[in-house]
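What follows is a single structure, written as structure tokens, with notes after it.
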Ligand code: HEM
């Protein structure tokens, strides 16, 4: 069918529109009525257009992400300063994305909440995902971070249990803070993250007004193959804005998509959000002078010892045109690094690096990397081919259609030599074992963070914690009070008083009529005590 045949001018509004076709390209003459025997039916089985339309509809959704299901995204670019603070960046990394001041690298960002389902309210008290895919000249680089700079746990082994505890009850499908605090009370390393999460920092006002952080520790590798440890931080030029629980409740009463809407509309108005990228750098060793392990992602690296050093900026200036194709099917992962970058021994990072591509092969499909949003903008030459929905360019394995293996004397692709890309080779001398790290220091920084808050932030933190803990089993309450007290004596005392006050309130509420949903708090409370 020619393009001319697809056009018509006989619409009521006089506007020329393209004509509807089937997915096989045939013009559709009736999209309203199925084919039937007589006007009243029954329907016929060869009714191809109807069967295709319905069966495609039945398969419209891919499985939602097991975490971070609710999200929004946009395109933009990263512009490098070509240096780290005042030093040449090449001293630390040979990654080309950072070289040459002013160079721009295209990217896509996806922001998200963690625990809620695909259409859940964006006002949740939850970390916010901050995932970036940069289409660099050396292949893709993903930075899969969060808005908060630390995390709940430090060993990937605990992640599936943690997410089970944070998601709704598997029997009732009702979210229940008692399950979450049950897990957290037995995971003292989470005290620091909980202190951030239950303060106003736990509900960023919008995606445009929040920080981003790589959270886990990576390595930068220079031309000599020498590595340093590095942490990434994004600072919003729009400023940081957080919500109190009350403000979040007000928004949620009328809008469950406020953050997606805010991002989309700001870009449509050409108010392009911008973040500056900073790094903290540390020599790659054990650092006995620190009272924590630098690879422990429940810890901040103190800024006075490891200053934030600017390396570039990111601007988001284009909205997606198709949410499903470009955002829902986008696939980010911590394994996606470019030359000049490497993994540290951070146990969370190692565990995450398996998980992302694994889930994406299930969630999107074995060839998810061939989708335009996920494919590098550089040429891909690989012998990893075939599988469902393989539509790579024919013969992308090195010009010889017969050689899809390596090594070969007959042709095909070959490796890059180590002289050209000097590898970083960390050395180890230790026994293999399952054990926690040294220097857990679960409470020191939690106390410092509590004391660093302004008084209104502390009040909000105590109120939010008290409300959630008041409905928990007393053993959980006691354990959490103990953790907070070890972090800071005043912090623990105020949470204890807050819980007692809230429990009295709940008792009163139970005597009066309560709204649906409020009763359930009482039921959980009585069950727990
Ligand atoms: C998404 C696993 C820790 C940030 C995901 C997904 C999985 C996962 C399976 C869904 C990916 C997809 O369907 O495409 C894990 C595991 C972790 C872990 C096993 C710990 C062992 C973290 C941490 C951060 C983080 C510490 C923050 C630094 C994110 C973000 C997304 C995500 C931002 C959403 C990416 C997107 O927008 O598509 N994670 N995660 N995760 N995770 Fe993690």
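Could you tell me whether residue 95 is more than 19 Å from residue 338 (Cβ to Cβ), modelled with pLDDT of 95 or more and in the same structural domain as residue 340 (by the TED database)?
Numbers: more than 19 Å from residue 338 (Cβ to Cβ): no; modelled with pLDDT of 95 or more: yes; in the same structural domain as residue 340 (by the TED database): yes.
It is false that residue 95 is more than 19 Å from residue 338 (Cβ to Cβ), modelled with pLDDT of 95 or more and in the same structural domain as residue 340 (by the TED database).
Close contacts from the range 199-225, counting a first residue that is free of Cβ contacts under 8 Å to residues at least 24 places away in the same chain and a second that is within 11 Å of the ligand (Cβ to nearest atom), with Cβ to Cβ under 9 Å and a gap of 6+ residues or different chains, come to none at all. Taking the range 72-106 as the range and being within 16 Å of the ligand (Cβ to nearest atom) and closer than 19 Å to residue 135 by Cβ as the test, the residues that pass are 73, 74, 75, 76. Of the residues making up the range 79-103, those that are surrounded by fewer than 17 Cβ atoms within 10 Å (Cβ to Cβ) and assigned to a strand (DSSP E or B) number 2. Residues being in contact with a helix residue (DSSP H, G or I) (Cβ under 8 Å, 6 or more places away or on another chain), in contact (Cβ under 8 Å) with a residue 24 or more places away in the chain and more than 14 Å from the ligand (Cβ to nearest atom) are entirely absent from the range 148-170. When restricted to residues that are in a helix (DSSP H, G or I) and near the ligand (Cβ under 10 Å from one of its atoms), the range 314-333 contains 2. Criterion first (on the phi > 0 side of the Ramachandran plot and more than 16 Å from the ligand (Cβ to nearest atom)) does residue 43 satisfy it? No, not satisfied.
Given the options 478, 438, name the one that is modelled with pLDDT of 95 or more and under 30 Å from residue 303 (Cα atoms).
Numbers: 478 fails: under 30 Å from residue 303 (Cα atoms).
Residue meeting the stated conditions: 438.
Can you name the residue in the range 365-374 that is closer than 19 Å to residue 109 by Cβ and free of Cβ contacts under 8 Å to residues at least 40 places away in the same chain and is also nearest to the ligand (Cβ to nearest atom) among such residues? Per the stated criteria, the residue is 368. With respect to the numbered conditions (1) closer than 30 Å to residue 75 by Cα; (2) more than 15 Å from the ligand (Cβ to nearest atom), which one is the sole condition not fulfilled by residue 336? Of the numbered conditions (1) closer than 30 Å to residue 75 by Cα; (2) more than 15 Å from the ligand (Cβ to nearest atom), the odd one out for residue 336 is (2).
Looking at the range 355-364 only, could you name the residues that are within 8 Å of the ligand (Cβ to nearest atom) and part of a helix (DSSP H, G or I)? Show your work before the answer.
As a first pass, look at the range 355-364 and keep what is within 8 Å of the ligand (Cβ to nearest atom): 355-356, 358-360, 363-364.
Answer for the range 355-364, where residues must be within 8 Å of the ligand (Cβ to nearest atom) and part of a helix (DSSP H, G or I): 355, 356, 358, 359, 360, 363.
Evaluating residue 145 against the criteria (1) more than 22 Å from residue 354 (Cα to Cα); (2) within 16 Å of the ligand (Cβ to nearest atom); (3) surrounded by 22 or more Cβ atoms within 10 Å (Cβ to Cβ) leaves one unmet condition, (1). Scanning the range 253-278 for residues that are loosely packed, with under 15 Cβ neighbours inside 10 Å and out of contact with any strand residue (DSSP E or B) (no Cβ under 9 Å at 6 or more places or on another chain) turns up 253, 254, 265, 268, 269, 271. Going by what's in this entry, would residue 124 be described as surrounded by fewer than 23 Cβ atoms within 10 Å (Cβ to Cβ) and either within 13 Å of the ligand (Cβ to nearest atom) or closer than 14 Å to residue 201 by Cβ (or both)? So residue 124 passes the test. Only residues that are within 13 Å of the ligand (Cβ to nearest atom) and either surrounded by fewer than 18 Cβ atoms within 10 Å (Cβ to Cβ) or within 21 Å of residue 63 (Cβ to Cβ) (or both) were counted in the range 339-350, giving 1.
If only one of 511, 521, 502 is out of contact with any strand residue (DSSP E or B) (no Cβ under 7 Å at 6 or more places or on another chain) and at pLDDT below 65, which one is it? Before the answer, list the steps.
Working: 511 fails: at pLDDT below 65; 502 fails: at pLDDT below 65.
Going through 511, 521, 502 in turn, just one is out of contact with any strand residue (DSSP E or B) (no Cβ under 7 Å at 6 or more places or on another chain) and at pLDDT below 65: 521.
Which residue out of 311, 336 is buried (at least 18 other Cβ atoms within 10 Å of the Cβ), assigned to a strand (DSSP E or B) and modelled with pLDDT of 95 or more?
When all the criteria are applied, what remains is 311.
Among the residues of the range 216-237, those that are assigned to a loop (DSSP other than H, G, I, E, B) and within 22 Å of residue 94 (Cα to Cα) comprise 216, 217, 222, 223, 224, 225, 226.
Condition test on residue 109, is it surrounded by 23 or more Cβ atoms within 10 Å (Cβ to Cβ) and either within 28 Å of residue 300 (Cβ to Cβ) or out of contact with any helix residue (DSSP H, G or I) (no Cβ under 8 Å at 6 or more places or on another chain) (or both)? Give the steps one after another, and end with the answer.
Working: surrounded by 23 or more Cβ atoms within 10 Å (Cβ to Cβ): yes; either within 28 Å of residue 300 (Cβ to Cβ) or out of contact with any helix residue (DSSP H, G or I) (no Cβ under 8 Å at 6 or more places or on another chain) (or both): yes.
For residue 109, the condition - surrounded by 23 or more Cβ atoms within 10 Å (Cβ to Cβ) and either within 28 Å of residue 300 (Cβ to Cβ) or out of contact with any helix residue (DSSP H, G or I) (no Cβ under 8 Å at 6 or more places or on another chain) (or both) - is met.
Within the range 238-257, residues that are in contact (Cβ under 8 Å) with a residue 40 or more places away in the chain have Cβ atoms under 9 Å from residues that are surrounded by fewer than 13 Cβ atoms within 10 Å (Cβ to Cβ) and outside any helix (DSSP H, G or I) in these pairs: 256/119; 257/119, counting only partners at least 6 apart in sequence or on another chain.
Conditions tested, residue by residue: (1) within 22 Å of the chain's Cα centre (by Cα); (2) not in a loop (DSSP other than H, G, I, E, B).
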| site | (1), (2) |
| --- | --- |
| 141 | yes, yes |
| 150 | yes, no |
| 157 | yes, yes |
| 163 | yes, yes |
| 168 | yes, no |
| 172 | no, no |
| 175 | yes, no |
| 189 | yes, yes |
| 195 | yes, yes |
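Any residue that is surrounded by 23 or more Cβ atoms within 10 Å (Cβ to Cβ), within 14 Å of the ligand (Cβ to nearest atom), in the same structural domain as residue 342 (by the TED database) and in a loop (DSSP other than H, G, I, E, B) - is there at least one of those in the range 200-212? The answer is yes; a qualifying residue exists. Out of curiosity, is residue 76 assigned to a loop (DSSP other than H, G, I, E, B) and touching a strand residue (DSSP E or B) at 6+ places or on another chain (Cβ under 9 Å)? Answer is no for this residue.
Within the range 459-469, can one find any residue that is at pLDDT below 95 and either outside any helix (DSSP H, G or I) or under 27 Å from residue 157 (Cβ atoms) (or both)?
Taking the range 459-469 and keeping what is at pLDDT below 95, we get none.
No.
Check whether at least one residue in the range 411-418 is within 32 Å of the chain's Cα centre (by Cα) and away from the ligand (no atom under 16 Å from the Cβ), and report yes or no.
Kept after step one, since they are within 32 Å of the chain's Cα centre (by Cα), are these residues of the range 411-418: none.
No, the range 411-418 has no match at all.
Of the residues screened, residue 355 is not one that is surrounded by 15 or more Cβ atoms within 10 Å (Cβ to Cβ) and within 15 Å of residue 281 (Cα to Cα).
The values are calculated or read from the model by the stated rules, or taken from the named source; none is laboratory data. Note that the coordinates shown come from a computational prediction; the quantities given were computed from them, not determined experimentally. No Cβ is skipped: glycine too gets one built from the backbone with ideal geometry, and neighbour counts run over all protein chains shown.
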